[in-house]
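Below is one structure, written out as structure tokens; comments come after it.
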Amino acid sequence: MRRTAPAPAHVHPHASAPDAGEGAPRRTDGRDPAERGGAAGQRDTLRTEFSFQLPRGYVDEAGVVHRTGVMRLATARDELVPLRDDRVRENSAYLSVVLIARVVTRIGTIDDVHPGIIEDLFASDLAFLQDFYRRINAEGHTRAAVTCPVCQEEFAVNLAGGRLGES
């Protein structure tokens, strides 16, 4: 299930080229306008899938590099089931591999993401996915409130970015 919200119109003049969903001021009451539904009276929607682009990319058996992907929000089951996995019981560091494999729904053209694929990622890509997981699940979004060092205006930036170096 994919839910999206309209992109806000406000873009800070000192911000770098934003992705859709960036630039909106962050509300102090914890409710981000970009995550709300349209007109008044409509129900709020919850975005459950988040696109990403790996810094290096997964290289499949044919040598094809897959960089884009989708991660969904984790459920309580996603965090509990790996704890019963024998590989995790033998090596607790393997927990992140099993957990990431459960929530990444696609990498490039690969729809069957399993622990073997996550094991074959470059270390920088695994670290990226671990951080991405933390941001979308613990914080609820990939935007962060920042203050412009030039004019001191507060605004939000999308940490997911589109390509390495973008925000």
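The values are calculated or read from the model by the stated rules, or taken from the named source; none is laboratory data. Note that the structure is predicted; figures quoted are calculated from it, not measured. Quick reminder, even Gly has a Cβ in these numbers, built from the backbone with ideal geometry, and neighbours come from all protein chains shown.
Filter region 61-119 down to residues that are polar (S, T, N, Q) and within 16 Å of residue 50 (Cβ to Cβ) and give me whichever is surrounded by the fewest Cβ atoms within 10 Å (Cβ to Cβ).
My answer is 75.
Residue by residue through region 33-56, note down the ones that are at pLDDT 70 or above, not in a loop (DSSP other than H, G, I, E, B) and not polar (S, T, N, Q).
49, 50, 52, 54, 55, 56
Can you tell me which condition residue 96 does not meet? The list is (1) hydroxyl-bearing (Ser, Thr, Tyr); (2) in contact with a strand residue (DSSP E or B) (Cβ under 9 Å, 6 or more places away or on another chain); (3) under 17 Å from residue 133 (Cα atoms), and all the others hold.
Of everything listed in (1) hydroxyl-bearing (Ser, Thr, Tyr); (2) in contact with a strand residue (DSSP E or B) (Cβ under 9 Å, 6 or more places away or on another chain); (3) under 17 Å from residue 133 (Cα atoms), residue 96 misses just condition (2).
Condition check ((1) under 21 Å from residue 132 (Cβ atoms); (2) out of contact with any strand residue (DSSP E or B) (no Cβ under 6 Å at 6 or more places or on another chain); (3) modelled with pLDDT of 95 or more) across all residues:
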site	(1), (2), (3)
31	no, yes, no
58	yes, no, yes
62	no, yes, yes
67	yes, no, yes
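Scan (1) closer than 28 Å to residue 156 by Cα; (2) part of a loop (DSSP other than H, G, I, E, B); (3) at pLDDT 95 or above; (4) out of contact with any Lys or Arg (no Cβ under 9 Å at 6 or more places or on another chain) for the single condition residue 74 breaks and write down its number.
(4)
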